[in-house]
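The values are calculated or read from the model by the stated rules, or taken from the named source; none is laboratory data. Values in this document were obtained by computation on a predicted structure and should not be read as measured data. Note: ideal-geometry Cβ built from the backbone for every residue, glycine included; neighbour counts use all protein chains shown. For the accessible areas, the whole protein counts, side chains as well, though only heavy atoms, and no ligand, DNA or RNA atoms are used. Shrake-Rupley method; radii C 1.70, N 1.55, O 1.52, S 1.80 Å.
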Amino acid sequence: MLKMEIGFTKVVTIAICLAGSTTIFAQDIIFRNNGAEIQAIVREVGVDEVKYKKFNNQNGPIYRLRKSEISMIEYEDGSRDVFNDVSASIEDRVQTSVNQKNNYRSNNIYSDYQLPASRHVLSEQDEEQYSKKIYLGVGYGFDYGGLFGGKIELLPIKHLGLFAGAGYNLLSLGWNIGGTLKIFPDRKVSPNLMLMYGYNAVIVGTDSYSEQYEKTSYGVTIGGNVDIKIGRNNKISAGLFVPFRSNEFKEIHDDAKNDPNMSLSPLFPVTFSFGFNFGF
């Protein structure tokens, strides 16, 4: 009786292990019209799109593909959904996928680290959009050099942007150079922290007498902006900044303010910027 109980325990243990192995390797295969294959866990097949997670990152974000880009889905149980008739042989591609799946199982490669699930849904087109490295923009504000100007921004790494702006500041050419810390660069709406040095105030004379007080302030400006991505390549940016004006400029401004023949507009402690940026 003891031997029979031990044998039964072994059988149950082996069955549980086999069931676990099936769960581990269960995956769906998405066949794209361009010949690419995606090892995935399909989460939803909608009217116009398919939502899925990548098989090798099941705790990661949910991706989506338009059904017009998919030729077929082969599910882990062997059933299929065919969406588009393409010239390539689906059977050949299915067989290739099966071979790759078997190789994957035999290698037993697993990742001990998974990225946390994202709160938003990304498409592969979105991932391409977020990898843009250069933006050229036009707009108003310090980061665009003045009342109206342009800006070039380079993204050497995902969370960091370097920029230079130049424009007309009502007196001369204004400029600023600085950096941007991208807090959520993968999202449609991304808040950013900014630090720059350059033009941050100006006194403009309106006649020959007031021209003696004309002066441009150059100094450090801190603040932030919000990027709103438009389409696949472009973005709208709106910023709020606090300038630190030079002591020399402040002295000239105070002299002009105390001059009874002068009428000055107030120096605002906070300024705004707005621009449209084209991604390349």
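Please express the shape of the stretch 122-251 as an equivalent ellipsoid: the semi-axes are the square roots of 5 times the eigenvalues of the C-alpha gyration tensor, given largest first in whole angstrom.
Semi-axes from the Cα gyration tensor: 33, 14, 10 Å.
Quick one: ranking Ser190, Ser263 by accessible area, 1.4 Å probe, largest first, what do you get?
Working: Ser190 5, Ser263 110 Å².
So, going from the largest accessible area down, we get Ser263, Ser190.
Would you please give the FRET efficiency between Asn34 and Asn56, computed as 1/(1 + (r/R0)^6) with r the Cβ-Cβ distance and R0 = 22 Å, to the nearest 0.05?
0.60
Over 19 Å between Cα atoms, which of Lys54/Lys188; Lys133/Lys158; Lys151/Lys182; Lys51/Lys229; Lys182/Lys235; Lys151/Lys229 qualify? All intermediate terms of the calculation are to be shown ahead of the outcome.
Details: Lys54/Lys188 21 Å; Lys133/Lys158 9 Å; Lys151/Lys182 17 Å; Lys51/Lys229 22 Å; Lys182/Lys235 14 Å; Lys151/Lys229 17 Å.
Over 19 Å apart, Cα to Cα: Lys54/Lys188; Lys51/Lys229.
Rank Asp254, Asp259, Asp186 by accessible area, highest first, at a 1.4 Å probe radius? Present the calculation step by step, with values, prior to reporting the outcome.
Numbers: Asp254 80, Asp259 15, Asp186 45 Å².
Highest to lowest solvent-accessible surface, that is Asp254, Asp186, Asp259.
Given R₀ = 22 Å, what would the calculated FRET efficiency be for Asn233 paired with Leu195, taking r from the Cβ atoms and rounding to 0.05?
0.25
Normalised by the residues of the stretch 196-280, what does the relative contact order come to in percent, with Cα pairs under 8 Å and at least six apart?
So the answer I get is 29 percent.
Hey, rough spin-label estimate for Asp207 and Ile152, points 7 angstrom out along Cα→Cβ, what's it come to in nanometres?
4.3
For the full complex of protein chains and a 1.4 angstrom probe, list Tyr144, Tyr168, Tyr209 by accessible area with the highest value first. Write down the numbers at each step before the final one.
On the way: Tyr144 0, Tyr168 125, Tyr209 95 Å².
Ranking Tyr144, Tyr168, Tyr209 by accessible area, largest first, yields Tyr168, Tyr209, Tyr144.
At 0.36 nm per residue, minus the direct Cα-Cα distance, what do Asp48 and Met262 gain on full extension? Give it in nm, one decimal, please.
70.5 nm
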